[in-house]
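**Q** I am attaching a structure below and will ask some questions about it afterwards.
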Amino acid sequence: MPYKHFSEKEIYAIEIYKKEWYNHSQIAKKLNRCHTSINRLVAKYSSPKTWIFYASLCIKQRKELRAKVNKNNRSRIKNTNLELFILKYIKKYWSPEQIAWRWKIETNEKISKDTIYKYIYENHPQLVKKYFRRKWKKYKFSKLDKYQLNNRKMIDNRPKIVDTRERIWDWEWDTIIWIRWWSKQVILTNVERKSWYLLANKIKDKSWNSVLEGTIELFKNIPKYKQKTITYDNWREFCEHRMIEYFTNLDVYFAHPYSSWERWTNENTNWLLRQFVPKKTDFENISQNQLKYYISLINFRPRKRLNYKTPYEVFFSKNLKLCSSW
């Protein structure tokens, strides 16, 4: 069977099918489930007065039962060998998932990683910031954007030839940020996808007008026929992306939110630049000339992916066979 537990979507489907007078065997075939599982679900969560199955009531009761079980599981941890085991390995920087599996291997008893998480949050919150990797930080990939850029052209609409890396005309954008209250300077980076040729300069902040001026400055000496597309991240400094298209010869496209792998050429090149500009470097201590020197070191360094040609040689060569087809 595809899933052990019924999803909320399946539970609502069962209610609808029962209202249409399908029997449990017919419902099971439609949901690719065992009819005995549906029998147990309906019998357990039907209304006690009318014996009618309501999906909303079923979901509510399941959540209450799960919360009760979780509470009992957390309470059984206290003052036991399991508590000592958890605290011992939390202080060795093990994750709750690693602890849960190790406990099962050593004792043949099951414990959920979520139970361990909730136990630590409730009883030993001081350990979270010291020993957990995320340190109370929440995952953001499921949140809606706080702002939306108007008239965006998404990467899905980008010409397919860009993915093949057959031409030296397509770019990716990113920023390297130094965030301190006394300094908001940013390094603006642009990388060409086929040749891996890097353009970068330092701008005073992340405002849209600084990004616009910095982009125009970077591309003013690049031949127009080598300016076709550029792929951006979803940051608000691109609210005037139409102005960038107007002042340059570039068609602007946007990667999907929280999908940095769609601009991995630039992400990889930023990592190379970090060799010279480590994460705790104050950008105010780096001059434009120093930055140009670091960029030249990267652009004149042979690359395995370019058949040991340099990005400079490939970018300014008329022979596109200098590098591999990808």
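**Q** Are there any pairs with C-beta distances below 9 angstrom linking a residue in region 18-32 that is in contact (Cβ under 8 Å) with a residue 24 or more places away in the chain to a residue that is assigned to a helix (DSSP H, G or I) and open to solvent by less than 80 Å² (accessible area, probe 1.4 Å), with the two at least 6 apart or on different chains, and if so which?
**A** 18/24; 18/27; 18/42
**Q** Taking the criterion of being touching a residue at least 12 places away in the same chain (Cβ under 8 Å), among the β-branched types (Val, Ile, Thr) and in contact with a His (Cβ under 9 Å, 6 or more places away or on another chain), would at least one residue in region 274-296 satisfy it? Give the steps one after another, and end with the answer.
**A** Taking region 274-296 first, the residues touching a residue at least 12 places away in the same chain (Cβ under 8 Å) are 274, 276-277, 281-284, 286, 288, 291, 294-295.
This time we only want the ones that are among the β-branched types (Val, Ile, Thr), so: 277, 281, 286, 295.
Add one more test, that the residue is in contact with a His (Cβ under 9 Å, 6 or more places away or on another chain), and what stays is none.
No - not one qualifying residue is present in region 274-296.
**Q** Find the residue count for region 186-231, including only residues that are without any contact (Cβ under 8 Å) to a residue 60 or more places away in the chain and open to solvent by less than 10 Å² (accessible area, probe 1.4 Å).
**A** 7
**Q** Checking residue 4 against (1) closer than 27 Å to residue 113 by Cα; (2) in contact with a helix residue (DSSP H, G or I) (Cβ under 9 Å, 6 or more places away or on another chain); (3) open to solvent by 100 Å² or more (accessible area, probe 1.4 Å), only one condition comes out false. Which one?
**A** (2)
**Q** Give the number of residues within region 59-113 that are of a type in the set (Phe, Trp, Tyr) and in contact with a Pro (Cβ under 8 Å, 6 or more places away or on another chain).
**A** Residues in region 59-113 being of a type in the set (Phe, Trp, Tyr) and in contact with a Pro (Cβ under 8 Å, 6 or more places away or on another chain): 0 in total.
**Q** For region 91-105, state whether one or more residues are open to solvent by 90 Å² or more (accessible area, probe 1.4 Å), closer than 30 Å to residue 128 by Cβ, charged (D, E, K, R) and over 31 Å from the mean Cα position of the chain (by Cα). Explain how you work it out, then say what you get.
**A** Restricting attention to region 91-105, the residues satisfying the condition of being open to solvent by 90 Å² or more (accessible area, probe 1.4 Å) are 91-93, 97-98, 101-102, 105.
If we keep only those that are closer than 30 Å to residue 128 by Cβ as well, we get 91-93, 97-98, 101-102, 105.
From what's left, charged (D, E, K, R): 91-92, 97, 102.
Retained after the next criterion (residues that are over 31 Å from the mean Cα position of the chain (by Cα)): none.
No: region 91-105 contains no residue that is open to solvent by 90 Å² or more (accessible area, probe 1.4 Å), closer than 30 Å to residue 128 by Cβ, charged (D, E, K, R) and over 31 Å from the mean Cα position of the chain (by Cα).
**Q** What helices (runs of 4 or more DSSP H) lie completely within region 232-326 and have 3 or more residues being open to solvent by 70 Å² or more (accessible area, probe 1.4 Å) and over 16 Å from residue 193 (Cα atoms)? Steps first, please.
**A** Values: elements: 241-247, 264-273, 288-299, 311-315.
Output list reads 241-247, 288-299.
**Q** List the residue pairs whose Cβ atoms are under 8 Å apart, where the first residue sits in region 238-259 and is without any contact (Cβ under 8 Å) to a residue 12 or more places away in the chain, the second is crowded, with 16+ Cβ neighbours inside 10 Å, and the two are 6 or more positions apart or on different chains.
**A** 245/251; 245/252
**Q** Next question. Quick one: is residue 22 in a loop (DSSP other than H, G, I, E, B), more than 33 Å from the chain's Cα centre (by Cα) and surrounded by 12 or more Cβ atoms within 10 Å (Cβ to Cβ)?
**A** Spelling it out, residue 22 is indeed in a loop (DSSP other than H, G, I, E, B), more than 33 Å from the chain's Cα centre (by Cα) and surrounded by 12 or more Cβ atoms within 10 Å (Cβ to Cβ).
**Q** Please tell me if residue 45 is open to solvent by less than 70 Å² (accessible area, probe 1.4 Å) and over 36 Å from the mean Cα position of the chain (by Cα).
**A** Here the answer is yes, as residue 45 does meet what is asked.
**Q** Still on this structure, please answer the following. Go through (1) more than 30 Å from residue 82 (Cβ to Cβ); (2) at pLDDT 85 or above; (3) exposed (fewer than 10 other Cβ atoms within 10 Å of the Cβ) for residue 142 and report which single condition fails.
**A** Result: residue 142 fails condition (2) only.
**Q** Same structure again: May I ask you to list the residues in region 25-42 that are charged (D, E, K, R) and either assigned to a helix (DSSP H, G or I) or open to solvent by 60 Å² or more (accessible area, probe 1.4 Å) (or both)? Full working, then the answer.
**A** Applying the first criterion (charged (D, E, K, R)) to region 25-42 yields 29-30, 33, 40.
Passing the criteria: 29, 30, 40.
The values are calculated or read from the model by the stated rules, or taken from the named source; none is laboratory data. The structure displayed is predicted, hence computed values, not measured ones. Reconstructed Cβ throughout: ideal geometry from the backbone, glycine too, with neighbour counts over all protein chains shown. Calculation scope for accessible area: heavy atoms of the full protein, side chains included, ligands and nucleic acids excluded. Shrake-Rupley method; radii C 1.70, N 1.55, O 1.52, S 1.80 Å.
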